[in-house]
Structures are given as C-alpha cells and as structure tokens.
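Derivation of every value follows stated rules applied to the coordinates shown; laboratory data play no part. Keep in mind that this is a model prediction, so the values were computed, not measured. Neighbour counts run over all protein chains shown; Cβ positions are idealised from the backbone, glycine included.
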C-alpha cells in the first residue's frame, strides 16, 4: 500500500467497542486511527463517576487504502462496517480530521467540566438526598454551592447543597439538552 492512496474513512464500531476497534485496527492492521474521546462526570446510583466515552459514540476514523485493506478493516475486532452511502464508502476530508485533532490538542481526550445552570435538571449524588432528581434554582460559585428544588413527601422544598453533590442528568456531554 502506498500512503498516496490512503484516505480517511468513517468506521462504525459495534456498540461500545470503539476502543477494541481502535486497538485492532492500529495494532493488528497497522492502520492510522483517530477516535476522539470525552472525559466527564456522570451520576450513578453509587454517586459521582468519571467516565471516558467516544465523542462520536459508535464511530471512529481510520486512514487506509480502501482497495487493498477494506476486508481487513471490515473484519477487524470491534468493527461493524465501513460507513458508505449507496454502496460507496464515505471519504472524510483530511481537513476535517485536522480540525478535530486540533480541537483535542495534546491527545485524543477532551475534559468536559461539569457546569450547572439555573433551571437545569440534576441528580443529587451525595448526602442525605442522594438519588433524588432536582431542579437548580440558584448557583453560588463563590461558595461552591447550589440551591435545588426537590420534591420530598409530596411537597416541594428548596435546599442548599454543595455544588459537588449534584450532577447534570445527561447521557453524553455533546447530546442536546
């Protein structure tokens, strides 16, 4: 394969197998792979958990010569298919990959800070109200506290809690809120 024929393609991974696909393509196939990741905090029943997920869940980018390597890519561990439209593989322009790489500067992982805003639905992850959903009614950054409206025993109450005791109720930081 000559690098002149190599182009970027979007590869669909099996559900939650972006890392397996990345490893298989890079290590076993010697293919250049780019899979931007996000690191953020998520609310779980056990409390606050830091997770690392793909920026584009279920997808990654691979640079290879389609004519000679499509079978290798398509049958690699973790890979579902090479994205195509009307039977024609979708080529991702080099400029898009350059811009994505520039946005993740210093690696492939972007840290997403947890920010809260008034009116946002949150889950209490620490303290006596753990597991209860609430609505943020005020944010006090200087004190690192928030006031939340929660329903207790059929009545709504405003309670002030530590900012770190609540997390926004989102599945993925890039998903619309």
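Quick notes
- Highest-first arrangement of 95-103, 4-12, where packing means the average Cβ count within 10 Å: 4-12, 95-103
- Using a Förster distance of 41 Å, the FRET efficiency for residue 162-residue 84 (Cβ separation, nearest 0.05): 0.25
- Crossing angle, helix 94-103 versus the chain [Cα axis fit, 0-90 degrees, rounded to tens]: 30
- In this simple spin-label model, placing a label point 7 Å from the Cα along the Cα-to-Cβ direction at both residue 65 and residue 112 gives a separation of 3.9 nm.
- Answer label for P(r) over Cα pairs in 10 Å bins from 0, in percent (calculated), chosen among [x] 9, 35, 31, 13, 5, 4, 3, 1, 0; [y] 10, 38, 35, 16, 2; [z] 9, 30, 24, 16, 14, 6, 1: [z]
- Extension gain (nm, one decimal) between residue 151 and residue 98, 0.36 nm per residue minus Cα-Cα: 14.3 nm
- Prolate/oblate/rounded call for the stretch 83-177, Cα gyration tensor, a/c under 1.5 rounded: prolate
- Estimated [θ] at 222 nm from DSSP helical runs (n ≥ 4, -39500 (n - 2.57)) normalised by residues in the chain, nearest 500: -4000 deg cm²/dmol
- Using the average count of surrounding beta-carbon atoms within 10 Å as a protection proxy, the listed peptides 30-40, 131-141 rank, highest first, as 30-40, 131-141.
- Judged by the ratio a/c of the largest to the smallest principal axis of the C-alpha gyration tensor, the stretch 121-168 counts as prolate, that ratio being 1.5 or greater while a/b is larger than b/c.
- The stretch 1-105: C-alpha gyration tensor shape, a/c 1.5 cut-off, then a/b vs b/c: prolate
- As a rough guide to protection, the peptides 145-151, 58-64 ranked by mean Cβ packing within 10 Å, highest first, stand as 58-64, 145-151.
- Using 0.36 nm per residue and subtracting the Cα-Cα separation, the extra length available between residue 121 and residue 19 on full extension is 33.6 nm.
- If R0 equals 45 Å, the separation of the Cβ atoms of residue 75 and residue 44 corresponds to a calculated FRET efficiency of about 0.80.
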